[in-house]
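Scroll down for the structure; my scribbles are underneath it.
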Amino acid sequence: ELTYAFRGAHQAGVVTPVQEHLHFAAYDLVEGATREDLIALLQEWTAAAERLTRGQPVTEDGAVGGPLLAPPDDTGETLDLGAHGLTVTFGFGPSLFTGELGRRLGLTDRRPAALNRLPLFAFDLLEEPISDGDLCLQVCAEDPHVAVHAIRNLTRIAFGTAMIRWSQIGFGRTAATTRSQSTPRNLFGFKDGTANVMSDETEALERWVWVPDDAEPAWMAGGTYLVTRKIMMTIENWDRVSLDEQQKIMGRDKKEGAPLSGGGEFTEPDFTHVGADGEPLIPLDSHVRLSHPDANKGQRMLRRSYNFVDGNNPLGQLSAGLFFISFQRDPQQFIDIQNSLKADTLNEYIRHVGSALFAVPGGIRPGEWVGQFLF
Ligand code: HEM
């Protein structure tokens, strides 16, 4: 049975080999929820998530071990399934620390300076009900039932303290975090995750993903910042674009994922190469050129996104896209790269409709509960 450790120096679900399925949920605290309520919730969530990670029901009584005349603690639909590589990653949104809520919780002075709502970017068409949130849970697993069961049961535990603001189901990872995983493809048919920060790139992880131990505030030591962007893809329009143009938009070839400057999938792109027509082989407005560290003061991020299809829209088109997830030591890395993508030709085929930023506290060590050092 595939299981990942729940406790450690960092939270699971970041460098963990990307699982195939996602259920991501953002929560808002209910009217009147107190600091004590939030602490109790985080303690209960920690205990339940640790059990789920082992493939166990949320409590010892579970789905069938409790009193016959009470609703069971666990909803039971995964009784026979096991852990399937489940990870639960916890995050705190800017709204938890600000305004009336932040004051009521006594968290105003605990907000990391970097934890602000993301700015509005070019082409953003954000919908408020599917953006932001006070808390988040990123649940990933190799089985969709296991992922949905975890969110369902953790949401039940939150009843009376926090409720779901929005959630997103994702299928098919669009990233790799270890070279032993093949590079998957996104819904545009291109390999995605080739140049990702990998779990064995220790130096790059320290530099671009993990908040250092001496950082401010101290409760973020070993943590990271999580960005989600719900990106709709106008699939039918894309499907009418020639292969040549599709490759020029991405800056990579569709079959191998190799940069248009030549070589194989993992050859570094050479942005100086020009073709017979004098034009750069990797166009100036291609996605890979604009998102590459060379165009972003060397900055990188760890991407862990998923495909989604939410049925179809009223025009009969697929309501589909990329649920983009990235982890970075400082949200500014995402902000800078996203700003650089303003010139990206890909923008003709995508629309960002949801956006959120969460602070992911450091790992949960034995005996601790998530976010303990925040209080
Ligand atoms: C690279 C697709 C949105 C950041 C790539 C690659 C593909 C791709 C196919 C090349 C393979 C790879 O290295 O992973 C897409 C699609 C998007 C999207 C279809 C939207 C629907 C974004 C966004 C960001 C981003 C919003 C960040 C703001 C990156 C980065 C790379 C990359 C940093 C690696 C660049 C490098 O180091 O060479 N993307 N992407 N992408 N993308 Fe995206």
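The values are calculated or read from the model by the stated rules, or taken from the named source; none is laboratory data. What you see is a predicted model; the values in this text were computed from it and never measured. Cβ placement follows ideal geometry from the backbone for every residue including glycine, while neighbour counts extend to all protein chains displayed.
On the given criteria, is Pro259 of a type outside the set (S, T, N, Q), closer than 20 Å to Ala195 by Cβ and surrounded by fewer than 21 Cβ atoms within 10 Å (Cβ to Cβ)?
Numbers: of a type outside the set (S, T, N, Q): yes; closer than 20 Å to Ala195 by Cβ: yes; surrounded by fewer than 21 Cβ atoms within 10 Å (Cβ to Cβ): no.
For Pro259, the condition - of a type outside the set (S, T, N, Q), closer than 20 Å to Ala195 by Cβ and surrounded by fewer than 21 Cβ atoms within 10 Å (Cβ to Cβ) - is not met.
Each residue in region 16-37 was checked for being over 23 Å from the mean Cα position of the chain (by Cα) and hydrophobic (A, V, I, L, M, F, W, C), and 2 of them qualify. Hey, could you check region 202-224 for residues that are more than 20 Å from the chain's Cα centre (by Cα) and of a type in the set (A, V, I, L, M) and say which is farthest from the ligand (Cβ to nearest atom)? Within region 202-224, the match that is farthest from the ligand (Cβ to nearest atom) is Ala218. Close contacts from region 334-355, counting a first residue that is farther than 19 Å from Leu118 by Cα and a second that is within 7 Å of the ligand (Cβ to nearest atom) and assigned to a helix (DSSP H, G or I), with Cβ to Cβ under 7 Å and a gap of 6+ residues or different chains, come to Asp344/His287; Leu346/His287. Pairing each residue of region 132-152 that is farther than 13 Å from Tyr27 by Cβ with any residue that is outside any strand (DSSP E or B) and charged (D, E, K, R), provided the two are 6+ apart or on different chains, yields C-beta distances under 6 Å for Glu142/Glu20; His149/Glu77. All conditions in (1) within 15 Å of the ligand (Cβ to nearest atom); (2) under 29 Å from Ala25 (Cβ atoms); (3) out of contact with any helix residue (DSSP H, G or I) (no Cβ under 8 Å at 6 or more places or on another chain); (4) touching a residue at least 24 places away in the same chain (Cβ under 8 Å) hold for Val227, with the sole exception of (3). The conditions of being within 19 Å of the chain's Cα centre (by Cα) and either farther than 17 Å from Gly93 by Cα or within 16 Å of the ligand (Cβ to nearest atom) (or both) are met by Leu357. Within region 285-300, the only residue that satisfies the criterion of being within 10 Å of the ligand (Cβ to nearest atom), basic (Lys, Arg) and in a loop (DSSP other than H, G, I, E, B) is Arg300.
Any idea which residue in region 240-256 is farthest from the ligand (Cβ to nearest atom), counting only those that are surrounded by 14 or more Cβ atoms within 10 Å (Cβ to Cβ) and not in a loop (DSSP other than H, G, I, E, B)? Write out each step before concluding.
Pass one, region 240-256, residues surrounded by 14 or more Cβ atoms within 10 Å (Cβ to Cβ): 241, 246-254, 256.
Of the ones still in play, those that are also not in a loop (DSSP other than H, G, I, E, B) are 246-250, 252.
Numbers: Gln246: 10, Gln247: 10, Lys248: 13, Ile249: 9, Met250: 5, Arg252: 5 Å.
Once the filter is applied, the top-ranked residue is Lys248.
Going through (1) aliphatic (A, V, I, L, M); (2) within 15 Å of the ligand (Cβ to nearest atom); (3) without any contact (Cβ under 8 Å) to a residue 12 or more places away in the chain; (4) within 30 Å of Gly91 (Cα to Cα) one by one, Met233 falls short only on (3).
If you go through region 334-354 and pick out every residue that is under 17 Å from the mean Cα position of the chain (by Cα), near the ligand (Cβ under 9 Å from one of its atoms) and either part of a helix (DSSP H, G or I) or surrounded by fewer than 20 Cβ atoms within 10 Å (Cβ to Cβ) (or both), you end up with 4.
The rows are residues; the columns are (1) within 13 Å of the ligand (Cβ to nearest atom); (2) more than 19 Å from Arg229 (Cβ to Cβ); (3) in contact (Cβ under 8 Å) with a residue 24 or more places away in the chain.
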| site | (1), (2), (3) |
| --- | --- |
| Ala258 | yes, yes, no |
| Thr267 | yes, yes, no |
| Pro283 | no, yes, yes |
| Leu302 | yes, no, yes |
| Tyr306 | yes, no, yes |
| Gly316 | no, yes, no |
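Could you say whether any residue in region 206-214 is surrounded by fewer than 21 Cβ atoms within 10 Å (Cβ to Cβ), of a type in the set (Lys, Arg) and at pLDDT 95 or above? Yes, there is a match, as at least one residue in region 206-214 is surrounded by fewer than 21 Cβ atoms within 10 Å (Cβ to Cβ), of a type in the set (Lys, Arg) and at pLDDT 95 or above.
State all residues of region 168-201 that are assigned to a strand (DSSP E or B), under 17 Å from Ala320 (Cβ atoms) and either touching a residue at least 24 places away in the same chain (Cβ under 8 Å) or more than 10 Å from the ligand (Cβ to nearest atom) (or both); if no residue qualifies, say none. Working first, answer last.
So in region 168-201, the residues assigned to a strand (DSSP E or B) come out as 168-173, 185, 191.
Of the ones still in play, those that are also under 17 Å from Ala320 (Cβ atoms) are 168-173, 185.
Listed by number, the residues that qualify are Gln168, Ile169, Gly170, Phe171, Gly172, Arg173.
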